[in-house]
Amino acid sequence: MPLLEVRDLTVSFHTTDGLVQAVRGVSFDVEKGHTLGVVGESGSGKTVCTQTLIGLTPGADVSGRALFDGQDLLRMSSAELRKVRGARIAAIFQDPLSSLHPLYTVGWQIVEMIRAHRHIARSAARARAIELLDMVGIPQAASRVDDYPHQFSGGMRQRAMIAMALALDPDLIIADEPTTALDATVQAQVIELMMKLQAEFDTALIIITHDMGVIAETADEVMVMYAGKAVEKADRRTLFYFPHHPYTKGLLESIPGSTAAGEKLRPIPGQPPSLISIPTGCAFHPRCQYVMDRCISEVPPLFDIAGGHTSACFLPTQILGLGEDVDRERASAAAVGRAENGAAARLAARATEEIETSGVHLPDAGALAGAGMSDRSRDPGTSQNSPDDAGTQQ
C-alpha cells in the first residue's frame with residue numbers, strides 16, 4: 001500500500017472574476033522512500049495540489065480522497081491536521097527568507113517547532129536543533145544556531161529549512177520549488193543534500209518544480225501537470241527518453257542541450273490558459289502543433305501506454321520519444337485527425353510557425369560543458385557535486 005494515495009483530487013476557488021479550477025481530478029501515489037516529481041509551468045496547479053493535502057488552502061472547495069497511511073487527510077479536522085503537519089508531513093517552501101520569521105533566531109524557530117509536537121525540555125530541543133544544523137552542513141552550528149535568518153546566506157537558509165523539516169523524522173516531505181531562488185552552485189548542493197538525507201532516513205519526497213533539470217536529478221516517478229490536470233505520468237527514465245504528450249515533449253525540448261548541436265531550442269508557443277476560462281477539450285490544444293479535431297471538443301483521459309506510463313493525449317500510444325523521426329510520425333498521425341482548413345489545422349499551423357520562428361540558438365552541449373556548465377537533462381541518473389556552501393550574509 002502506498003504511503004500516500006491521492007484519488008480524483010479537485011480544488012477550486014470562488015473569486016469575483018469567476019471560479020478558479022486550480023486542480024481538476026488529479027490522482028497519484030507516493031511510495032515510502034521514493035521521490036515523486038511534479039512538474040509544469042506556473043499556474044498548472046502543482047502547489048495548490050500539494051498544499052491542499054496539508055490544509056493550506058483555506059476557502060477552497062475540495063473533493064476527492066487523499067489517504068496518508070490509511071487516513072484521509074481531506075476529512076481531518078484542523079486539530080487532527082496540526083498533529084500530522086510538521087510531525088509526519090513536513091514542507092520546504094520556495095523562499096526560506098519569507099518562511100523563517102525575521103525577528104527570531106533560526107535555532108529558536110527549530111526548537112519551537114520541535115516542542116509544538118513533542119514533550120521535550122527546551123535544552124534537549126536546542127541540542128537537537130544544533131545536531132540538525134550540523135547534519136545539513138551549517139558550519140559552526142553550535143554558534144550559528146543563535147543567528148537570525150538575515151545572517152544566513154540563501155543556501156544556508158534553505159539548509160535550515162531542510163533541518164526544520166527533518167526535525168521530527170517525518171514520513172513525507174513536500175518540497176515546493178526548493179531551489180528556484182538559489183544560484184546554480186547552491187542549487188546543486190541543496191539537491192545533493194536532500195537526496196543524501198532521503199536515502200539515510202528513507203523519507204518519501206514530493207518535489208514541485210518547473211525545472212526539468214531538477215526532476216532529472218531527483219525523481220523516481222514524474223507527474224506532468226497542465227491547467228490543473230495530470231497530462232502524463234511515468235518513471236523518470238521513461239518520461240525523459242520516451243515522452244508521449246506534446247506538452248511533455250515541449251518541456252524537454254526547451255532544455256539547453258536537449259536538441260542537436262547548433263539547433264535552436266524549441267519553445268512551447270503561447271501561454272498557459274487562465275484557470276477561470278480553461279479551453280474546451282484538451283486544455284493544451286491552443287498551443288499544440290499536433291492538435292486534431294477531437295482535441296478541441298473532447299477531454300482526453302489518461303491512456304495506458306506501458307508499465308505505469310500514462311498520457312492524456314489522443315495521439316497513437318506507440319508514438320514515443322524525441323527527435324525529427326518521431327516528430328514526423330506525430331505530424332502524420334495528427335494530420336489524419338484534422339479536417340483540411342478546419343480550426344485544428346489552423347491552430348497546428350500557427351503553433352508550428354511560432355516554434356520555428358521564436359527559437360533561441362545556443363552553443364552545443366560540448367561547448368557549454370567547456371564553459372563550465374553541465375547538461376543535467378541528458379542523463380537522468382547524473383548529479384552534480386559541489387563545494388559546500390559555507391558563506392554568510394551580514
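The values are calculated or read from the model by the stated rules, or taken from the named source; none is laboratory data. Since the model is a prediction, treat every value here as computed from it, not as a measurement. Methodologically, a virtual Cβ is constructed for each residue, glycine included, from the backbone with ideal geometry; neighbour enumeration extends over all protein chains shown.
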- Counting just the residues of region 85-114 that are more than 22 Å from the chain's Cα centre (by Cα) and among the β-branched types (Val, Ile, Thr), which one comes out farthest from Gln151 (Cα to Cα)? Ile114
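Filter region 132-161 down to residues that are in a loop (DSSP other than H, G, I, E, B) and under 25 Å from the mean Cα position of the chain (by Cα), then give me how many there are. Outline the logic, then answer.
Initial filter on region 132-161 (in a loop (DSSP other than H, G, I, E, B)): 136-140, 145-148, 153.
Next, only the ones that are under 25 Å from the mean Cα position of the chain (by Cα) stay: 136-137, 153.
Adding up the residues that qualify gives 3.
Identify all residues within region 115-131 that are of a type in the set (Lys, Arg) and part of a helix (DSSP H, G or I); write none if there are none. First the steps, then the outcome.
If we filter region 115-131 for residues that are of a type in the set (Lys, Arg), which is where we start, we get 115, 118, 122, 126, 128.
Passing the criteria: Arg115, Arg122, Arg126, Arg128.
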- Note on the structure: Only one of (1) at pLDDT 95 or above; (2) surrounded by fewer than 24 Cβ atoms within 10 Å (Cβ to Cβ); (3) farther than 29 Å from Thr16 by Cβ; (4) not hydroxyl-bearing (Ser, Thr, Tyr) does not apply to Leu275, and that is (3)
- Conditions: (1) farther than 28 Å from Phe13 by Cα; (2) buried (at least 21 other Cβ atoms within 10 Å of the Cβ). Gly337 meets all but one. Number of the miss? (2)
- Taking region 135-148 and keeping residues buried (at least 22 other Cβ atoms within 10 Å of the Cβ) and in contact with a Leu (Cβ under 8 Å, 6 or more places away or on another chain) leaves Val136, Val145
- Item | Extreme residue, modelled with the highest pLDDT, among residues of region 222-271 that are out of contact with any His (no Cβ under 9 Å at 6 or more places or on another chain) and of a type in the set (S, T, N, Q) | Thr248
- Query: Yes or no: Ala91 among the aliphatic types (A, V, I, L, M) and more than 21 Å from Ile191 (Cα to Cα)?
  - Reply: no
- Message: With at pLDDT below 95 and within 29 Å of Leu251 (Cβ to Cβ) as the only criterion, which of Pro58, Pro96 stands out?
- Response: Pro96
- Task: For residues that are acidic (Asp, Glu) and touching a helix residue (DSSP H, G or I) at 6+ places or on another chain (Cβ under 8 Å), scanning just region 188-223, find the one that is surrounded by the fewest Cβ atoms within 10 Å (Cβ to Cβ).
- Result: Asp220
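Here's the yes/no breakdown for (1) assigned by TED's automatic domain parsing to the domain that holds Ser311; (2) in contact with a Ser or Thr (Cβ under 8 Å, 6 or more places away or on another chain); (3) under 26 Å from Leu9 (Cβ atoms):
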position: Ala165; (1), (2), (3): no, no, yes
position: Ala175; (1), (2), (3): no, no, yes
position: Thr180; (1), (2), (3): no, yes, yes
position: Thr185; (1), (2), (3): no, yes, no
position: Ala204; (1), (2), (3): no, yes, yes
position: Gly213; (1), (2), (3): no, yes, no
- Item | Residue in region 135-144 that is more than 22 Å from Ala116 (Cβ to Cβ), in contact (Cβ under 8 Å) with a residue 24 or more places away in the chain and of a type in the set (Ser, Thr, Tyr) present | no
- region 174-203, residues that are out of contact with any strand residue (DSSP E or B) (no Cβ under 9 Å at 6 or more places or on another chain) and not in a helix (DSSP H, G or I): Ala181, Leu182, Asp183, Asp202
